[in-house]
Amino acid sequence: MLAVPPFVAFLFAGLLLYVAANMDGATQDFFSPSHWSRFDSALYVQIAGQGYTFVHCSGPPLYPPHSWCGNASWAPLYPGLISLLGHLGLSLPVAGMVLSFLFAYLTLQAVWVLIGPAWTFSRLCCLAFAACFPGMIYYYALFPVSLLTFLAIVSLILFIRRHYVLAGVAGALCAWAFAIGPLVGVALLVSAVLVARGRDFWRAACSGVIALAGSGALLLAYQRWVGHWDAYFKVQSKYGNGLHDPVTTFVMAFTGGPKARYPLQSPNSGYDHVYAQAQTAFVAALVIGLIVWTLRRRPVGRAEWVLLSYTVIFWLVPLVDGPTLGRYRMEALLVPCVALCTRLPRVVQVALVGIAAVLAVGLAQLFTQYLIY
């Protein structure tokens, strides 16, 4: 019976997405890959079918001279799985949709294990919050977001339970799942410092080392695939990503910013819309509120330190990366933090679900209208 709540949560999420599609008159292709495919989705399908490309850019001046183009900035695990299903007879876009839906469900199942499966109001409410968590449209879209959230939560669960080697292996897979995936290894190392002592520290630290070794292995793979171990960084450099003031990046989501000399380096246009802004504000309030709430309750438990480490890292790093990034997508990766909400007052838990559901529908409408990517 404990397998039932995640399935009901999955249906709840689907209902919200269908409501958003219906409001935009886009239900006719709701079960078609075209409904869930946007921008980068085509690159994942391209990698699955044709492999990696890495070339000098040409064409209109969207980026600085001598920039590198191609699809080498997109991680290989998701397109690899798409290719596998393609060899089993599915079309590549359908394979991508099936995988996203599958890992969206598995993410909810993993969250249910993380929060401690029990038929209590608090835990069921937190599971509902996970189902409509900010950015949840991207769990179902043709992106590897739900793949990464599933692997990340599995890694965190294994670390909390002291299965350090397996936690590291899951963390290494995160690096192959999504560009931001290597941060799972960083979160494991920080967690080791915070929760482990003596010999247990060295065993815990091994999980982070194994996870980061996965990132190193990926660089070696790029060397073999395209002849440049740093292909990811070269392709990304044209977007102007790098070290930025996180406060300025956050404020620019609401105030806008000057257009860059090269269009690809301008602030993300998704933040021209209220729902994207509202989600980012809500997530900031959620993260800061959970930090304060958790730290003021003594003692802070092992699981809480691990979840706080992950949450803070995955919230701050995209802000440091700069204003071109669509953080409304990255914010979906913070879903493990719902396990920190189990001790919140019931009225707060209900409010979180209500607000998140409204934002989920609003952001899904922006997605349907091709206003975010």
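How would you classify segment 174-297 from its alpha-carbon gyration tensor, with a ≥ b ≥ c the square roots of the eigenvalues: rounded for a/c under 1.5, else prolate if a/b is greater than b/c, otherwise oblate?
Note, shape of segment 174-297 comes out oblate.
For segment 183-255, what is the accessible area per residue in Å², given a 1.4 Å probe and the full set of protein chains?
53 Å²
Can you tell me how much longer the chain between residue 42 and residue 221 gets when fully stretched, taken as 0.36 nm per residue apart minus their C-alpha distance, in nm with one decimal?
Gain on extension, residue 42 to residue 221, equals 62.3 nm.
Enumerate the calculated ³J(HN,Hα) couplings along segment 241-255 in order (Karplus 6.51 cos²θ - 1.76 cosθ + 1.60, θ = phi - 60°), each rounded to whole Hz, writing x wherever the residue is Gly or Pro.
Values per residue, Gly and Pro as x: 6, x, 8, 10, 5, x, 5, 4, 4, 5, 5, 5, 5, 10, 9 Hz.
Considering the chain as a Gaussian network with a 10 Å cut-off on Cα pairs, which listed residue, 11, 127, 363, attains the greatest mean-square fluctuation?
Comparing 11, 127, 363 in the GNM, the peak value goes to 11.
Running Debye on the chain with equal point scatterers at the Cα sites and no solvent, what base-10 log of I(q)/I(0) appears at q = 0.08, 0.11, 0.14, 0.15 Å⁻¹?
Log10 I(q)/I(0), no solvent term: -0.39, -0.76, -1.29, -1.50.
Please work out whether segment 279-373 counts as rounded, prolate or oblate from its C-alpha gyration tensor, where a ≥ b ≥ c are the square roots of the eigenvalues and a/c under 1.5 means rounded, while otherwise a/b larger than b/c means prolate and anything else oblate?
Oblate is the answer for segment 279-373, as a/c is 1.5 or above yet b/c matches or exceeds a/b.
Residue by residue, what Karplus-based ³J(HN,Hα) values in Hz, rounded to whole numbers, does segment 214-231 have, using 6.51, -1.76 and 1.60 with θ = phi - 60° and x for Gly and Pro?
In residue order, the calculated couplings are x, 5, x, 5, 5, 4, 5, 5, 4, 4, 6, 6, 10, x, 9, 5, 9, 4 Hz.
In whole angstrom, note down how far apart the Cα centers of segment 341-366 and segment 80-95 are.
So the two Cα centres are separated by 34 Å.
By residue number, which cysteines of the chain lack any other Cys whose Cβ falls under 4.7 Å from their Cβ?
125, 126, 132, 174, 206, 337, 341
Tabulate in residue order the Karplus-calculated ³J(HN,Hα) for segment 114-119, using 6.51 cos²θ - 1.76 cosθ + 1.60 with θ = phi - 60°, rounded to whole Hz; enter x for Gly and Pro.
Result, rounded to whole Hz: 4, 7, x, x, 7, 7.
With all protein chains present, how much of the accessible area of segment 155-247 (probe radius 1.4 Å) comes from carbon and sulfur, to the nearest whole percent?
69 percent
Any idea of residue 219's accessible area? Nearest 10 Å², probe 1.4 Å.
50 Å²
For a quick check: with amide H placed at 1.01 Å from N, whose amide H comes under 5 Å from residue 68's, ignoring anything fewer than 5 positions away on the same chain?
For residue 68, the qualifying residues are 57, 238.
Taking the Cα centre of each part, how many Å lie between segment 216-294 and segment 113-177?
With segment 216-294 and segment 113-177 each reduced to a Cα centre, they are spaced 22 Å.
The values are calculated or read from the model by the stated rules, or taken from the named source; none is laboratory data. For clarity, every value in this text was computed on a predicted model and none was experimentally measured. Every residue, glycine as well, gets a Cβ built from its backbone with ideal geometry; the counts of neighbours run over all protein chains shown. The area values use the complete protein model at the heavy-atom level, side chains included, leaving out ligands, DNA and RNA. Shrake-Rupley method; radii C 1.70, N 1.55, O 1.52, S 1.80 Å.
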